[in-house]
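Structure first, commentary second.
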């Protein structure tokens, strides 16, 4: 196993790439915009996207239950 003392671990960088992918795919950000965002702002956008998906799923569920 490689030392991570002077760099980021593989697991950490994979997490960063996943965050960048989510912002690109769902948020319309470019790779460079996502990568250059400060971590706390990048995470805020990810949390906000997650909230939005939950709200939309609840509305869909309500609409489906009303149509039955």
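Please enumerate the residues belonging to region 27-45 that are assigned to a loop (DSSP other than H, G, I, E, B) and more than 13 Å from residue 16 (Cα to Cα).
First, pick out the residues of region 27-45 that are assigned to a loop (DSSP other than H, G, I, E, B): 28-30, 37-38.
Result: 28, 29, 30.
Pairs linking a residue in region 53-68 that is over 25 Å from residue 25 (Cβ atoms) to a residue that is at pLDDT 95 or above and exposed (fewer than 10 other Cβ atoms within 10 Å of the Cβ), with Cβ atoms under 7 Å and 6 or more positions apart or on different chains, do not occur.
With 49, 37 as the choices, which residue is touching a helix residue (DSSP H, G or I) at 6+ places or on another chain (Cβ under 6 Å) and at pLDDT 95 or above? Working first, answer last.
Working: 37 fails: touching a helix residue (DSSP H, G or I) at 6+ places or on another chain (Cβ under 6 Å).
That would be 49, the only listed residue that is touching a helix residue (DSSP H, G or I) at 6+ places or on another chain (Cβ under 6 Å) and at pLDDT 95 or above.
The values are calculated or read from the model by the stated rules, or taken from the named source; none is laboratory data. What you see is a predicted model; the values in this text were computed from it and never measured. Quick reminder, even Gly has a Cβ in these numbers, built from the backbone with ideal geometry, and neighbours come from all protein chains shown.
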